Amino acid sequence: MESHDSWKIFRHTLGALFAGLVVAACGPEYPACDDDEDCHSGEFCVNGQCQLCRDDSDCPAGQTCAGGRCDPIDGYCAGAGDCPDGQDCQNNRCVATQSTELPPPETPDAGPCTIETVYFDFDSEALSSSTRDQIQRNVTCMRETGVERLHLTGYTDPQGTEEYNLALGDRRARSVMQFMTSLGVSGGNLTSSSVGEEMAEGEDESGWRRDRKVTFTQR
């Protein structure tokens with residue numbers, strides 16, 4: 001009797017163990033998962049579901065992880081050849097080409113000379129050759145018309161932070177003032193300030209070119 005009971009217990013234990021092994025072998029049904037091993041090659045187990053990515057690092061260049069799949073990034077570029085005409089590839093995005101060509105100086109009406117605005121390249125306070133020429137003409141005009149005191153105001157386009165643009169406008173005005181003093185204008189007759197982007201009027205590159213400037217006001 002004791003031998004028969006032992007056999008029954010052994011059979012019951014063996015059956016339970018076998019059932020557990022069968023369940024373990026089956027695992028969750030795809031695309032459900034417990035870990036990455038339950039998913040296809042190249043997939044990841046995220047919140048119990050097999051997905052193509054966890055985050056952007058799991059996707060190829062130019063794609064982003066969205067809802068567990070890798071989607072193309074709008075406007076992504078690896079080089080200038082990926083962008084349409086008139087655009088450059090900057091930080092993997094196609095943006096409008098920044099022109100380094102300065103706008104032509106304003107042509108004054110016939111008559112006495114006038115002190116004209118001078119212009120700058122994008123994100124620069126350096127004086128180009130055409131800007132230096134105009135400053136020299138302005139200094140000559142000051143002497144011809146008897147103007148002694150001028151206030152210089154630096155401007156920028158609206159690209160960049162407000163703090164950066166105020167500083168850039170100030171550097172532009174001081175750069176012009178320093179060149180004028182080298183041409184013989186007394187530093188005590190010149191003052192400067194910056195409005196940064198506050199008075200910018202351009203809406204694209206063609207307009208922003210005229211926002212990068214220093215103006216002169218008689219005082």
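What follows draws every value from the coordinates through simple rules; no lab data is involved. Since we're looking at a predicted model, the values are computed, not measured. Don't worry about glycine lacking a Cβ; one is built from the backbone with ideal geometry, like all the others, and counts go over all protein chains shown.
When only alpha-carbon atoms count, how far does region 26-97 stretch along each of its three principal axes, as whole angstroms with the largest first?
Extents along the principal axes, in whole Å: 58, 17, 14.
I want to verify the translational diffusion coefficient of region 118-218 in µm²/s; compute it with Stokes-Einstein, Rh as the Kirkwood radius over Cα pairs, at 4 °C and 1.567 mPa s.
Rounded, D is 96 µm²/s.
Quick one: net charge around Val95, please, counting Lys, Arg +1 and Asp, Glu -1 for every other residue with C-beta under 11 Å from its C-beta.
-1
Can you pull the one-decimal nm distance between simple spin-label points at Asn189 and Ser124, each 7 Å off the Cα toward Cβ?
3.0
What list of ³J(HN,Hα) values in whole Hz, one per residue of region 34-41 in order, does the Karplus curve 6.51 cos²θ - 1.76 cosθ + 1.60 (θ = phi - 60°) give from phi, with Gly and Pro shown as x?
Per-residue couplings from phi come out as 9, 7, 4, 5, 7, 9, 5, 4 Hz.
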